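Everything below concerns the one structure shown next.
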Amino acid sequence: MTSVPLLALVVAVYTALALVASGWLDTVLFSLPLLSGATLLFRGDDLLLVVSLFLLGIEISRATSSSSAAILNHVLSLLVFIIALIGFIVMPQLGNTTFFLILLMTLIDVIAGFTVTITAARRNVSYDE
């Protein structure tokens, strides 16, 4: 189960909500008063973005491993990005800024995952001269 990309859950949840209950994404869930007097409103899609950012951080920290499960995670992360990209391009319900930002997080997960793993693997290789 450690090889399942966490951002796949967000892509799946957002897609399901956009198709079935799109009103929840636009509903204000809670608000935070700021010292300036302004009020920060959190809608459903904003909450999913916050969760996505935390999961992206976890994914990047998981990328430091060079085990076979981590390699499988990188490949599955690439698959999640491709599926999300196709959904973004093809499905009008996903053609918005919120899903675009989630899509960018899946891309960052792919790039950072491969980069961190390659960098960690290079440090572990000894070069004989």
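Throughout, read-outs are computed from the coordinates displayed, never taken from laboratory work. Only a predicted model underlies this, so the values are computations on that prediction, with no experimental measurement involved.
Assorted remarks:
- Contact order relative to length of the chain, as percent, for alpha carbon pairs under 8 angstrom and 6 or more apart: 31
- Long-range amide H partners of residue 43 with built H, under 5 Å: 29
- Calculated Rg and Dmax of the Cα atoms in Å (choose from [x] 14.0, 42; [y] 17.7, 65; [z] 14.9, 53), label: [y]
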